[in-house]
């Protein structure tokens, strides 16, 4: 198995570890995971919206991508 580079934990990560360093039910764990996934999803949506505005991407651009051949032939 390939070794993974270890990055030090940042303050948010350390804070979350301290906050949740207690026994929790599966239901509580699932709720926390869902909340974190929703937060990250919202952040991603905001970033995408920002890039779309900056690059002036239109519905026409999306249509062009949808209809474009994306695969390369096997060799």
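Taken together, the values in this text are just the output of simple stated rules run on the coordinates, not laboratory data. Source: prediction; values computed, not measured. Virtual Cβ from ideal backbone geometry, glycine too; neighbours counted across all protein chains shown.
Please work out which option in (i) 112; (ii) 74; (iii) 256 gives volume of the Cα convex hull per residue in Å³ calculated from these coordinates, and answer with its label.
(iii)
I want to check the label-to-label distance for residue 74 and residue 6. Put each point 7 Å from Cα in the C-beta direction and report it in nm to one decimal.
In this crude spin-label approximation the distance works out to 4.2 nm.
Working from Cα positions, state the angle (0 to 90°, nearest 10) between the long axis of helix 26-54 and the longest principal axis of the chain.
Approximately 30 degrees, to the nearest 10.
Quick one: go through region 6-32 and flag any residue whose amide nitrogen is under 19 Å from the point 7 Å out along the Cα-to-Cβ line of residue 50.
12
Would you calculate a helix-derived [θ] at 222 nm for the chain, using -39,500 (n - 2.57) for each DSSP H run of n ≥ 4 and dividing by the full residue count, to the nearest 500?
Rounded to the nearest 500, it is -20500 deg cm²/dmol.
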